[in-house]
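Let me begin by presenting the structure, written as structure tokens, before commenting on it.
The values are calculated or read from the model by the stated rules, or taken from the named source; none is laboratory data. It should be emphasised that the depicted structure is a prediction, and the values quoted were computed from it without experimental measurement. Every residue, glycine as well, gets a Cβ built from its backbone with ideal geometry; the counts of neighbours run over all protein chains shown.
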Amino acid sequence: MPDKTNRRYPRVPVDLLGTLCILIPEETFQPIVRDVRIHDLSERGAMVEFSTPESTVKSLLRATRYCRLSFHDREDLPEKIIGKAVWVQPIGAGEIVRCRLGLFFEEAPPEVIAKVRCYVEKRLKELADAPQAQ
């Protein structure tokens, strides 16, 4: 079930595929593009996980980064949404690492937020109606 502690907006567990474009302007004007798995979603944020070079994780930790999250093959979600990386959690060590990233959809247009809100509300209902494991 969603974690309601210290959350203004309900967050639901999901298992969705997407693409994350990370803007690191001091390194390149081309965004760094990664395939991601979206693990949870709210109308104002998401947690994604992906593999990336350790140097990208370090760049994410150095400054506020803006990212564009695109949802794969989902008509019930917006095509893309811009978010700010608010936390980064590297998993493991090495040249390529798994990374969890928390996004905050700070200034997304109202119609985009409304579509995400509708998806989250539908998912909350599905979770509430699902039989509970004993």
Inset, instruction - Read through the list (1) in contact with a Gly (Cβ under 8 Å, 6 or more places away or on another chain); (2) buried (at least 20 other Cβ atoms within 10 Å of the Cβ); (3) not in a strand (DSSP E or B), then give the number of the only condition that Val120 fails. - result: (1)
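Regarding region 82-92, can at least one residue be identified that is within 19 Å of Arg123 (Cα to Cα) and not in a strand (DSSP E or B)?
Residues of region 82-92 that are within 19 Å of Arg123 (Cα to Cα), as a first pass: none.
No, region 82-92 contains no residue that is within 19 Å of Arg123 (Cα to Cα) and not in a strand (DSSP E or B).
Just a yes or no: is a residue in region 42-58 under 30 Å from Lys125 (Cβ atoms) and of a type in the set (Lys, Arg)? Please lay out each step first, then the result.
Taking region 42-58 first, the residues under 30 Å from Lys125 (Cβ atoms) are 42-50.
Filter once more, so that each one left must be of a type in the set (Lys, Arg): 44.
Yes, region 42-58 has at least one match.
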Legend entry - Which numbered condition Asp15 fails, given (1) over 19 Å from Arg117 (Cβ atoms); (2) buried (at least 18 other Cβ atoms within 10 Å of the Cβ); (3) in contact (Cβ under 8 Å) with a residue 24 or more places away in the chain; (4) within 14 Å of the chain's Cα centre (by Cα): (2)
Legend entry - Every pair of residues 6+ apart whose Cβ atoms lie under 7 Å, when the first sits in region 94-123 and is closer than 18 Å to Glu49 by Cβ and of a type in the set (Val, Ile, Thr) while the second is part of a helix (DSSP H, G or I) and modelled with pLDDT under 95: Val97/Glu54; Val97/Val57
